[in-house]
Amino acid sequence: MFKKILVANRSEIAIRAMRAARELGIKSVAVYSDADEKALHPRYADEAYPLGGSHPKESYLNIKKIIKIAKDSCAEAIHPGYGFLSENPSFAYACEKEKISFIGPSSKVMELMGNKIVARKTVAASGAPVVPGTTGEVLGIKPALKISSEIGYPVIVKAAAGGGGIGMRIARDARDLEDAVEQAKATAGSAFGDPSVFIEKYVAEPRHIEIQILADKHGNVVHLGERECSIQRRHQKLIEEAPSPVMTPDLRREMGEVAVNIARSIKYVNAGTIEFIYTQGKFYFMEMNTRVQVEHPITEMITGVDIVKQQILIAAGEKLPFAQDDIKINGHAIECRINAEDPLNNFAPSPSKLKGYRSPGGIGVRVDSGVFSSYVIPTYYDPMISKLIVWGRTRDEAIERMNRALYEYIIVGPKTNIPFHKAVLANKTFRRGELSTHFIAEQKQLLDETMKIIAEEQTLQEKLSSIFRSETKAAAAAAAIKVYLAGR
Ligand code: MV4
C-alpha cells in the first residue's frame with residue numbers, strides 16, 4: 001500500500017481524495033495556487049506545497065511543478081481528481097516515466113478514449129451499441145452528404161477531440177450540412193488544435209444516463225449501476241440522481257454488461273464512467289470518462305461503495321473486494337451542485353466572500369465542499385460552492401429531503417443557484433421523472449419560479465446580510481440561525 005499520495009487538485013474533490021487516503025492510513029500531500037493559499041484543501045493535507053501563480057495554466061495544470069513536488073515530497077502516487085489534469089494523457093505519461101503511480105488508467109488507454117472517433121470505433125468493436133454514423137473521420141463534404149443521407153437527417157457533427165458539447169453542430173437537412181461541418185471543424189481546430197470531426201444521427205430528446213464501473217489490475221470489472229444526469233444547462237450538469245427514474249433491473253443488467261464489456265475490451269483499470277444517451281428503451285454509447293466524476297457520491301450513497309478509496313486500492317494493485325452479485329442498489333440519491341452564480345443573470349458566476357455560511361445536515365444529508373464561513377471564492381476556477389447530496393428510501397423521500405436541505409442552507413454573500421434548484425424540485429415534470437437533456441431549456445417557467453422564490457426570500461436574506469454586517473462573527477452566526485428558523 002502507498003504511504004503517501006499527492007492530490008493534484010483543489011477544493012472539494014481534493015479534500016474528498018484526502019479523506020479516502022486518511023481512512024486508508026495514507027498521508028496526503030496538497031498542492032495549492034496563490035489564490036488558494038487560504039483554502040481548506042492545503043489545511044486538510046498532511047503536507048502542502050505552493051504551485052505559484054493562480055491561473056490554472058500556472059498552477060493546477062503545471063505538470064512539471066506537480067511532478068517535482070511529488071518527487072521532492074516522496075509521494076508514491078498522484079490522485080488527479082476531476083477536471084484540470086485528470087484526463088490529460090501527457091500527465092499520466094509523465095507519472096509513468098517518473099515511476100509515480102497515476103491513480104487512473106494508463107496514458108495509452110486515456111488517449112484512446114480521449115479521441116471520440118477512436119473511442120467510437122473501439123467501443124463498437126466490443127459489441128456495444130453506438131448511434132448510426134460515420135466509422136471514422138469525415139474527410140470532406142461529399143462523404144459527409146453520402147453518410148448523412150444514408151442514416152437520415154437530422155445529423156450531428158461532433159469533434160473527435162471534443163466532449164462536453166464543444167464543437168457540436170446539428171444539421172437539419174443537406175443544405176445545413178456543409179456549414180455544420182465547416183463550423184464544427186473551425187471550433188474544434190481552435191479549441192483543441194485538432195479539426196477532425198465525425199457524424200452521427202441526431203437523437204432528438206435523449207436522456208443522459210451513465211454507468212459507473214470499477215476495474216482492477218487483475219481483470220475484475222464491476223458496475224455500480226447508473227446515474228441519470230439529464231438535468232443540465234449548456235452541458236453543465238446541475239442535478240444528478242441515482243437510480244434513473246426509467247431504469248428497470250433488466251435494463252440495468254443490460255447497460256451494465258455493455259459498460260463492463262467496454263472496460264474489458266480496452267483492459268481498463270481505475271474507476272470509469274460510460275456515458276450513454278437513452279431514448280425510448282434504447283441506449284447508445286456516447287463517451288467514456290476515465291476520471292472520478294463530480295457526481296460520484298450519489299452512486300456511493302446507493303451502493304455503499306467508497307469509489308475514491310477503491311481508485312486508490314486499485315492503483316496500489318489490490319483486487320476489488322466484491323463481485324458483481326455483491327453490489328446492491330439501496331434507495332435513491334440526488335445531488336444538487338450549489339454554485340456561486342446568478343440564475344437571473346444567465347447563470348453568470350458570482351464569486352465573492354461567504355460573509356455567512358451554514359450548510360444543512362440531518363438524516364440522509366451529505367455536503368462535499370471546500371468552503372467555510374468568511375472564505376472568498378476565487379475568480380480563477382469554477383464557482384462551485386458545494387455538492388449537496390441526499391439519500392432517501394424512495395425518490396419521493398429523496399426529493400423532499402433535498403428540498404428540506406436546500407431550505408436549511410444559509411449562504412450570505414454570493415448569489416447562488418439554490419432558488420433555481422428549489423424551482424426544479426417543485427416542477428411537476430421533474431417530479432414525474434420525465435427528463436431529457438432539454439429539460440431546462442424547455443421548462444421556461446423555471447426562471448419565473450426562481451424569481452418568485454428569490455422575491456419570497458428577500459426579507460430573510462436581507463435580515464441575514466445585515467446581521468453578518470453588524471455583529472461579531474459568533475453572535476452573527478447564532479442570530480442568523482434564529483432569524484432563519486423564524487423566517488420559515
Ligand atoms: C448527441 C445528442 C444527440 N444525438 N449525439 C452532448 C455532449 C456530448 N457528451 C454528447 N452530446 C450529445 N450527443 C447524438 N447522436 C445529444 C447530445 C446532448 C447531450 C448529451 C448528454 C448530456 C447533455 C446533452 C445536451 C445536449 C446535447
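Every number in this text was worked out from the coordinates using simple rules, so none of it is lab data. All values derive from a computational prediction rather than experimental measurement. Here the Cβ positions follow ideal geometry from the backbone for every residue, glycine too, while neighbour counts run over all protein chains shown.
Structure summary
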{"read-out": "Computed lengthening from SER374 to ASP46, 0.36 nm per intervening residue step minus Cα-Cα distance", "value": "115.8 nm"}
{"read-out": "Calculated log₁₀ intensity ratio I(q)/I(0) where the Debye formula runs over C-alpha points of region 207-460, q = 0.07, 0.10, 0.14 Å⁻¹", "value": "-0.25, -0.50, -0.96"}
{"read-out": "Cα-centre dipole for the chain with unit charges at Cβ (Lys and Arg positive, Asp and Glu negative), debye to 20", "value": "680 debye"}
{"read-out": "Net charge of neighbours whose Cβ lies under 13 Å from the Cβ of ILE467, counting Lys and Arg as +1 and Asp and Glu as -1", "value": "+4"}
{"read-out": "Binned Cα-Cα distances of region 4-103, short to long, each 10 Å bin given as a whole percent", "value": "18, 57, 25, 1"}
{"read-out": "Share of Cα-Cα pairs in region 79-221 lying beyond 18 Å, as whole percent", "value": "62 percent"}
{"read-out": "Mean Cβ neighbour count within 10 Å, used as a protection proxy, ranking 214-221, 458-465, 286-293 highest first", "value": "286-293, 214-221, 458-465"}
{"read-out": "Per-peptide average of other Cβ atoms within 10 Å, ordering 391-401, 267-277 highest first", "value": "267-277, 391-401"}
{"read-out": "Efficiency of FRET from Cβ geometry, ARG22 and ALA486, R₀ 30 Å, rounded to 0.05", "value": "0.20"}
{"read-out": "Whole-number D in µm²/s for the chain (Stokes-Einstein; Kirkwood sum over Cα pairs; 37 °C, 0.692 mPa s)", "value": "139 µm²/s"}
{"read-out": "Relative contact order of region 207-460, defined on C-alpha pairs under 8 angstrom at six or more residues apart (%)", "value": "20 percent"}
{"read-out": "Region 459-488 versus region 68-101: alpha-carbon centroid distance in Å", "value": "44 Å"}
{"read-out": "Highest to lowest packing among 105-112, 147-154, 159-166, scored as the average C-beta count within 10 Å", "value": "105-112, 159-166, 147-154"}
{"read-out": "Built amide H within the under 5 Å cut-off of PHE276, gap 5+", "value": "ILE209, GLU210, ILE211, MET286"}
{"read-out": "P(r) tail fraction, region 132-201 - alpha-carbon pairs more than 13 Å apart, %", "value": "55 percent"}
{"read-out": "Interchain or long-range residues, amide H under 5 Å from VAL197's placed H", "value": "VAL138, ALA160"}
{"read-out": "Global form of region 180-225, assessed from the alpha-carbon gyration tensor, a/c cut-off 1.5", "value": "oblate"}
{"read-out": "Percentage relative contact order, the chain, counting C-alpha pairs under 8 Å, at least six apart", "value": "13 percent"}
{"read-out": "Dipole magnitude of region 4-103, debye to nearest 20 (Cβ charges: Lys/Arg +1, Asp/Glu -1, about Cα centre)", "value": "100 debye"}
{"read-out": "Considering only the chain, percent of DSSP beta bridges that pair antiparallel, nearest 5", "value": "80 percent"}
{"read-out": "Extension gain (nm, one decimal) between ASN403 and ALA323, 0.36 nm per residue minus Cα-Cα", "value": "25.3 nm"}
{"read-out": "Separation between Cα centres of region 186-249 and region 21-66, rounded to whole Å", "value": "29 Å"}
{"read-out": "Under the span-like rule (Cα at least 30 Å along the axis, Kyte-Doolittle mean at least 1.0), DSSP H helices of the chain", "value": "none"}
{"read-out": "Cα→Cβ-extended label distance, 7 Å offset, between HIS235 and ASP72, nm", "value": "3.6 nm"}
{"read-out": "Placed amide H near GLY225: partners under 5 Å, 5+ positions off or other chain", "value": "GLN212"}
